[in-house]
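Let me begin by presenting the structure, written as structure tokens, before commenting on it.
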Amino acid sequence: MECDLMETDILESLEDLGYKGPLLEDGALSQAVCAGASSPEFTKLCAWLVSELRVFCKLEENVQATNSPSEAEEFQLEVSGLLGEMNCPYLSLTSGDVTKRLLVQKNCLLLLTYLISELEAARMLCVNTPPKKAQEGGGSEVFQELKGICIALGMSKPPANITMFQFFSGIEKKLKETLAKVPPNHVGKPLLKKPMGPAHWEKIEAINQAVANEYEVRRKLLIKRLDVTVQSFGWSDRAKSQTEKLAKVYQPKRSVLSPKSTISVAHLLAARQDLSKILRTSSGSIREKTACAINKVIKVSSLFFTYIYFYL
């Protein structure tokens, strides 16, 4: 009962922290912590938490995820060194046989709880005082975008005393020089031609956010349908023996599917007129070029789920 409550709290905290890995799936975390250090997925979660902690804390020790159960001892030695540096207060994680500590389910849950609480505390402390690494090293997101533009255009590093007007004027000049070297219709005309004021941009931002929210709901539904479909493949007795093999193939691909939209107002500014040419995917000319054997499988699957929904 205690372990179940700990798992529930861990899953909720992981979602709040932005974790998108496979252990958010039903039963995946429970299975991973039961295997402990012998589970590569458990070690990947620990490594992710530590990597997030290292953004805010100066830690000399680090934890690497494993690829097989045979690397469990090395992983536990790394965790032991990390917990020693962090002055972990839990004796069950810092005393006893170092090669057996994380083979116990409760200890694994305790380790995750400890790392999560440390990460949550570090993030809260850095809300008003961002880490120096973000300020001095990589810079802000805007700085990274401007740096990428300069690199793409082959521009040299601007002097420190340059004004923003001079900087963007230099970018505009370089863009015109670059576009003059390509064919007339190479880039195309912009889709958005009307000048926009602050009020317009505010409304566009609001529209984009509304569309992004709608997209997220729809994509979550599609991802859930995908999960259910993949799970249905394991219903037969023959497929049950291949569950682990199926998970190894599916979970890495599933973990990269994010419900969040990556479309921003910048994409609107970058859109060309050819984007407004809408072609029906069901038209004959398009279907001739996209038809393949998988279409028959999709059609049968759709009929199967339609039958289940309406008649069972």
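For first residues located in region 171-199 and of a type in the set (A, V, I, L, M), partners that are part of a loop (DSSP other than H, G, I, E, B) and open to solvent by less than 80 Å² (accessible area, probe 1.4 Å) and lie 6+ apart or on another chain with Cβ distances below 6 Å form the pairs 191/271. Restricting attention to region 280-301, does a residue exist that is small (Gly, Ala, Ser), modelled with pLDDT of 80 or more and either under 30 Å from residue 23 (Cβ atoms) or surrounded by 11 or more Cβ atoms within 10 Å (Cβ to Cβ) (or both)? There is no residue in region 280-301 that is small (Gly, Ala, Ser), modelled with pLDDT of 80 or more and either under 30 Å from residue 23 (Cβ atoms) or surrounded by 11 or more Cβ atoms within 10 Å (Cβ to Cβ) (or both). The residues of region 57-104 that are within 27 Å of the chain's Cα centre (by Cα) and polar (S, T, N, Q), listed by number, are 62, 64, 66, 67, 68, 76. With respect to the conditions (1) charged (D, E, K, R); (2) surrounded by 14 or more Cβ atoms within 10 Å (Cβ to Cβ); (3) free of Cβ contacts under 8 Å to residues at least 12 places away in the same chain, residue 41 lacks only one, and its number is (3). Under the condition of being exposed (fewer than 10 other Cβ atoms within 10 Å of the Cβ) and among the small types (Gly, Ala, Ser), the residues counted in region 159-182 number 2.
Just one of the numbered conditions (1) at pLDDT below 65; (2) open to solvent by less than 100 Å² (accessible area, probe 1.4 Å) is not true of residue 267: (1). Restricting 3, 34, 88 to residues that are touching a residue at least 40 places away in the same chain (Cβ under 8 Å) and either of a type in the set (Val, Ile, Thr) or open to solvent by less than 60 Å² (accessible area, probe 1.4 Å) (or both) narrows the list to 3. In the set 93, 102, only one residue is open to solvent by less than 50 Å² (accessible area, probe 1.4 Å) and either of a type in the set (Lys, Arg) or closer than 18 Å to residue 121 by Cβ (or both); that residue is 93. Within region 6-56, if we keep just the residues that are within 19 Å of the chain's Cα centre (by Cα) and of a type in the set (Gly, Ala, Ser), the residue that is nearest to residue 77 (Cα to Cα) turns out to be 47. For region 170-209, a tally of residues being basic (Lys, Arg) and outside any helix (DSSP H, G or I) returns 4. Selection within region 231-256: residues that are closer than 20 Å to residue 40 by Cβ and among the aliphatic types (A, V, I, L, M). The member of this set that is surrounded by the fewest Cβ atoms within 10 Å (Cβ to Cβ) is 256. Being more than 17 Å from residue 272 (Cα to Cα) and in contact with a Leu (Cβ under 9 Å, 6 or more places away or on another chain) is the filter here, so list the residues in region 178-208 that pass it. Those that are more than 17 Å from residue 272 (Cα to Cα) and in contact with a Leu (Cβ under 9 Å, 6 or more places away or on another chain): 178, 204, 208. Give the residues of region 60-85 that are surrounded by fewer than 16 Cβ atoms within 10 Å (Cβ to Cβ) and of a type in the set (A, V, I, L, M, F, W, C), sorted by residue number. The one that is surrounded by fewer than 16 Cβ atoms within 10 Å (Cβ to Cβ) and of a type in the set (A, V, I, L, M, F, W, C): 77.
Under the condition of being among the hydroxyl-bearing types (Ser, Thr, Tyr), modelled with pLDDT under 90 and closer than 17 Å to residue 63 by Cα, the residues counted in region 95-113 number 1.
One residue stands out among those in region 107-117 that are farther than 15 Å from residue 31 by Cβ and of a type outside the set (S, T, N, Q): the one that is most open to solvent (accessible area, probe 1.4 Å), which is 110.
The values are calculated or read from the model by the stated rules, or taken from the named source; none is laboratory data. Note that this is a predicted model, so its numbers are computed, not measured. Positions of Cβ are generated from backbone atoms using ideal geometry, with glycine treated the same way; all protein chains shown enter the neighbour counts. Ligands, DNA and RNA are stripped out before the accessible areas are found, and what is left, the full protein with its side chains, is counted by its heavy atoms. Shrake-Rupley method; radii C 1.70, N 1.55, O 1.52, S 1.80 Å.
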